[in-house]
Amino acid sequence: MDRNPEAREDWISMVRRRGASRSTFQEEVLATVLCVLYPDPVGGYPPAYARDTVPTLPELYPDSEQTLPTPSEIPFTPGSLLGCVSGELGLRRFLEERGHTLIVTSDKEGPDSEFDRHLPEADVVISQPFWPAYLSAERIAQAPNLKLALTAGIGSDHVDLDAAMKAGITVAEVTYSNSISVAEHAAMTILNLVRNFVPSHQYATDGGWNIADCVERSYDLEGFDVGIVAAGRIGRALAKRLKPFDVNLHYFDTHRLPEETEQELGLTFHESVQDLVRNVDVVSIHSPLVPATYHLFDRELIDTMRRGSYIINTARAEIVVRDDVVAALESGQLAGYGGDVWYPQPAPADHPWRSMPNQAMTPHISGTSLSAQTRYAAGTIEVLEDFFAERTPRQEYLIVDGGALAGTGAASYSTDGKASPGSSGR
Ligand code: NDP
């Protein structure tokens, strides 16, 4: 039964207008929302939660005028596991009460995947960067009804933005929702590598007491030169978190920060990434994947770094050259590499980063803590509400709209084919 006839009518007329050139809308079906989410925990769903709730945060994100998501309702329990298949991003009741159809799957690879099978009927595709539904030009061509590609999280480089623009698809993401989560993960990984935590923990777990083995690669972070590539939301949040460690903070960005921000955070600006990396001991990467950053960290650049430097990458794997990182760790040019982003995702079992020395890699998890999921699931509902009501989502959530880069997308992305591969991992 249709419990929200008004929204249904709005949606039908909106889809008719927007979709006139793309498809004939089936009145009896309303919107089909195809959600690609990561698999459930192996122990089953729901998990035994470690805590009962997540903290309530202030109305505004830190150092920002941007409010946290403001949907009209939160149809899930904050702090629950929403990003996996059974979590359904908390969308099932919200959508079905309005007469829409929700399809959820984790099966996304190859032409026989559930994702590919349902694409032709999808009006909206939602996925998270941790388990991206790669929307290549070929896939977009298979999706004549598609009007909205929504990233629950941040980063829309898994969508071919040029193809999305040509097809009139809106691409949106929930900007800022997990920026602090990633900054915390980056800070943790820096400390992990510099202090040699992972092997030391392994000795303890294995019943050993190998102090010398643990500390032969262990240093204090204090006094290190730490370089941040891109001082956006995550980069600045990392600087704020590292400052109390009494490190010397450096950064490179395409735009220099205001002097007062540099002073407040104790940041030294470098005119180029080349200049930055040769003057620091640790580099943490926080730029988007755009043509200028694609394979930026190759052997040539890494060889200019101080011997025994560390690279932390929680941005996108293709900003570094996979095998050049492995070679630099094996030669000792790099003392450590860590982060959570891989190419492709999920990484195959034989991906060399799983077995390379001195690494502190995790699967792509930094932006999908239960705290982050609460925010980006709420932001997903906010975007869907706007979309169903034919309101333009907030500018900060927009990547592509009306056939062009828009909002955050206009500031962050360019579209010469490399910035928005959309086909990674296929
Ligand atoms: P922001 O948009 O706030 O910051 C990005 C910064 O990168 C901006 O300051 C931008 O500068 C700068 N920039 C753009 N191009 C370049 C370039 N060629 N070289 C150096 N700097 C550049 O994004 P966030 O901080 O929120 O996120 C950054 C990235 O982190 C995302 O693009 C995403 O790929 C990744 N991410 C990873 C997550 C994870 O789970 N691991 C989760 C969330 C994000 P300006 O605007 O001045 O041009």
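Numerical summary
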| quantity | calculated |
| --- | --- |
| Breaking point among (1) assigned by TED's automatic domain parsing to the domain that holds L334; (2) surrounded by 17 or more Cβ atoms within 10 Å (Cβ to Cβ), for E173 | (1) |
| Enumeration of residues in the range 82-96 that are surrounded by 19 or more Cβ atoms within 10 Å (Cβ to Cβ) and either part of a loop (DSSP other than H, G, I, E, B) or assigned by TED's automatic domain parsing to the domain that holds E260 (or both) | L82, G83, G87, L91 |
| Any chance T362 is away from the ligand (no atom under 12 Å from the Cβ) and either within 18 Å of the chain's Cα centre (by Cα) or hydroxyl-bearing (S, T, Y) (or both) | no |
| Meets criteria (touching a strand residue (DSSP E or B) at 6+ places or on another chain (Cβ under 7 Å) and either farther than 23 Å from Y343 by Cβ or among the polar types (S, T, N, Q) (or both)) for L267 | yes |
| Residue in the range 228-237 that is closer than 22 Å to N358 by Cα, assigned by TED's automatic domain parsing to the domain that holds V320, touching a residue at least 40 places away in the same chain (Cβ under 8 Å) and within 12 Å of the ligand (Cβ to nearest atom) present | yes |
| Filter result (within 12 Å of the ligand (Cβ to nearest atom), over 19 Å from S181 (Cβ atoms) and either under 21 Å from the mean Cα position of the chain (by Cα) or buried (at least 18 other Cβ atoms within 10 Å of the Cβ) (or both)) within the range 238-276 | Y251, F252, D253, T254, L257, H270, V273, L276 |
| Which listed residue is modelled with pLDDT of 95 or more, on the phi < 0 side of the Ramachandran plot and touching a Phe, Trp or Tyr at 6+ places or on another chain (Cβ under 7 Å), from A212, A231 | A231 |
| Some residue of the range 99-113 being part of a loop (DSSP other than H, G, I, E, B), without any contact (Cβ under 8 Å) to a residue 60 or more places away in the chain, of a type in the set (S, T, Y) and in contact with a Ser or Thr (Cβ under 9 Å, 6 or more places away or on another chain) | yes |
| Helices (runs of 4 or more DSSP H) (entirely within the range 148-221) containing at least 2 residues that are under 27 Å from the mean Cα position of the chain (by Cα) | 161-167, 179-194, 197-205 |
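The values are calculated or read from the model by the stated rules, or taken from the named source; none is laboratory data. This structure is a prediction, so every number in the text was calculated from the model and none was measured. Quick reminder, even Gly has a Cβ in these numbers, built from the backbone with ideal geometry, and neighbours come from all protein chains shown.
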